[in-house]
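S.K.: The following block contains the structure, expressed as structure tokens.
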Amino acid sequence: MSRYTGPKCKLCRREGEKLFLRGTRCEGQKCAIVRRNYAPGQLAKNAFGKQTEYGKQLRAKQKAKRVYGLIERQFELYYERAVKQSGSTELALQKLLETRLDNIVYRAGLAESRNQAKQIVNHGLIKVNGKRVDIPSIQLKVGDVFEVYEAKKSSKLFEKAKGDKKFKAPKWLKVDLGILKGELINMPEKEDMESIIDTKMIIEFYSK
């Protein structure tokens, strides 16, 4: 299955809630959920009716894929890796998703959305442990240091991040936006995860 390249606002409308795929636009009155809070398509206004248990599980999986910007096979591989780990499969899946490099760049305040974070990494603007990388799916470990490539720290792309005095990084990250640098200091716990992701439903979907 190829990656979705259509309007991102349609994805939020299909899920019936904000997935924050377009950064600050999602917070204003131009947000598609504010303007048209129904699913896209001819039968749109009837799309949020009663769902079966399978339908709920499917939507939970689709929502998580869209939030993290993954295609189907990528998401399946994360589930397969999570199952093989000891302890809670739900927590293992969430940790794998949260510690992707593109997600950490977003969570550290270096990008307005995960999609922008993915582009920043793809263009080689991020270093991990002193080495320039361009793979968004790199999995970071505790102690890994990430930062914007020196030649790009003065770029207009990061002006907003450096000037954001209100930003508060999650407790599992240590971030200094003044120098556009951060470190993964702990693995994220359940309370640190995306609240709109229902991993229990996702595990049930794949377990059948």
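The values are calculated or read from the model by the stated rules, or taken from the named source; none is laboratory data. This structure is a prediction, so every number in the text was calculated from the model and none was measured. In this analysis, Cβ positions are derived from the backbone assuming ideal geometry, glycine residues included, and neighbour counts consider all displayed protein chains.
S.K.: Can you find, within region 123-141, the residue that is surrounded by the fewest Cβ atoms within 10 Å (Cβ to Cβ) among those that are without any contact (Cβ under 8 Å) to a residue 24 or more places away in the chain and assigned to a strand (DSSP E or B)?
M.R.: Pass one, region 123-141, residues without any contact (Cβ under 8 Å) to a residue 24 or more places away in the chain: 123, 127, 129-132, 134.
Going one step further and asking which of them are assigned to a strand (DSSP E or B), we end up with 127, 131-132.
Values: K127: 16, K131: 7, R132: 11.
By that ranking, first place goes to K131.
S.K.: Give the residue, chosen from L97, L58, that is within 12 Å of I203 (Cα to Cα) and in contact (Cβ under 8 Å) with a residue 24 or more places away in the chain. Before the answer, list the steps.
M.R.: Details: L97 fails: within 12 Å of I203 (Cα to Cα).
So the residue among L97, L58 that is within 12 Å of I203 (Cα to Cα) and in contact (Cβ under 8 Å) with a residue 24 or more places away in the chain is L58.
S.K.: Here's something else I'd like to know. Is there a residue in region 192-208 that is over 24 Å from Q74 (Cα atoms) and exposed (fewer than 14 other Cβ atoms within 10 Å of the Cβ)? Break it down into steps so the answer makes sense when it comes.
M.R.: The first filter runs over region 192-208 and keeps only residues over 24 Å from Q74 (Cα atoms), leaving none.
The answer is no; no qualifying residue exists.
S.K.: Another one. For region 166-208, name all the residues that are assigned to a strand (DSSP E or B) and of a type in the set (G, A, S).
M.R.: Pass one, region 166-208, residues assigned to a strand (DSSP E or B): 173-176, 181-184.
Listed by number, the list holds a single entry, G182.
S.K.: Would you pick out the residues in region 60-116 that are assigned to a helix (DSSP H, G or I) and among the acidic types (D, E)? Even if it seems obvious, please write down each step before you answer.
M.R.: Filtering region 60-116 for residues assigned to a helix (DSSP H, G or I) gives 60-68, 72-84, 89-98, 101-107, 114-116.
Within region 60-116, E72, E76, E80, E90, E98, D102 meet the criteria.
S.K.: Within region 165-190, restricting attention to residues that are surrounded by fewer than 18 Cβ atoms within 10 Å (Cβ to Cβ) and under 18 Å from A82 (Cα atoms), which residue is modelled with the highest pLDDT?
M.R.: By that ranking, first place goes to M187.
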